[in-house]
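Let me begin by presenting the structure, written as structure tokens, before commenting on it.
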Amino acid sequence: METIYYIILGIIQGVVEALPVSSSGHLLIANHLLVNFLGFNDVALSNTELLAIITNFGSLIAIIILYFHDIVEIIRDFVKYLKSKEDKYYVNYKYGLFIILATIPAGIIGLIISKLGIFDALNDNIKIIGITLFVTGLFLFWIRKANGKKKKKDITIGDAMTVGGFQVLGLLPGISRSGSTIVGGLYKGLDRITAFDFSFMLYIPISIATTILGISDLFGSNIATSQILYFLLSAFIAGIFTYISVKWFRNIIKNGKLIYFAIYCFIAATMILLFL
């Protein structure tokens, strides 16, 4: 039962991490359903937030693999531009700089939230997840037809900081990080794929920071070795499913099908508010 429990949560994290429907919210919902309706109360995990952080590491590895070539190119050109100031390196230099700047707001606010435990009460309230999922649906519905013309080379510091501001909204339980940043990019006139790629580039540094904090919490807790192994199992499974999900979602957004996710959020939010 315990193995099945962690496999299910790993699959959910992996599939939903890439999608604009909130992975943290879905982990809480899944845990609630498994415990209260499917008889997993004997193996239930009390610290779902820590599990979310560890499984997030699996998703992070998958996204780094998917964007490995781009990451290497950006870092290489960033360093080369600093040394030579040659124009051919400028686009990736600027892009890398904007990733750093756009990550700062969510990084600072996320650290404050983590240290002060601001959302601890919200994380235990399934109804809150229903409300925030509905808000996510509204964002996606609002931007469903958007498809700007800006490419990677056209992104401005204003665009980057706006997307970074939207990423702050993704810190709320039930608000999708990928969804909010993609909405921010589309709102600022980025084309769909550029908004998608910039969203996941922003995910990498914020996820690395979250993982580091999570690992320190993990080793500072009294969690048994056997449970750590279950966490790692969930993380491995999450990585596999994130890899598949990101590639699938990229094609979905390319074809302008965000409306499907808006409808899903509305239905899921309604079901949570009425029945959970």
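FYI, it's all coordinate maths here, none of it is from the lab. Model, not experiment: these values are computed from the prediction. Quick reminder, even Gly has a Cβ in these numbers, built from the backbone with ideal geometry, and neighbours come from all protein chains shown.
Observations on the structure shown:
- Burial ordering of Arg192, Arg144, fewest other beta-carbon atoms within 10 Å first: Arg144, Arg192
- Segment Leu97-Leu38, extension gain: residue separation times 0.36 nm, minus the distance between their alpha carbons: 16.5 nm
- Rounded tilt (10° steps) of 68-84 against the dominant C-alpha axis of the chain: 40 degrees
- Taking the fewest neighbouring Cβ atoms within 10 Å as the starting point, the ordered list for Asp70, Asp159 is Asp70, Asp159.
- Added length on full extension, which subtracts the Cα-Cα distance from 0.36 nm per residue, Asn255 to Lys83: 57.9 nm
- Relative exposure of Lys188, Lys127, judged by other C-beta atoms within 10 Å (fewest first): Lys127, Lys188
- The chain: angle of helix 126-142 to the longest principal axis, Cα-based, in degrees nearest 10: 30 degrees
- Treating each Cα of the chain as one equal point scatterer and applying the Debye formula with no solvent, the log10 of I(q)/I(0) at q = 0.11 Å⁻¹ comes out as -0.61.
- Per-pair calculated FRET efficiency, R0 = 30 Å: Ile212 and Lys145 via Cβ, rounded to 0.05: 0.20
- Nearest 10 degrees, 0 to 90: helix 225-254 Cα axis against the chain principal axis: 50 degrees
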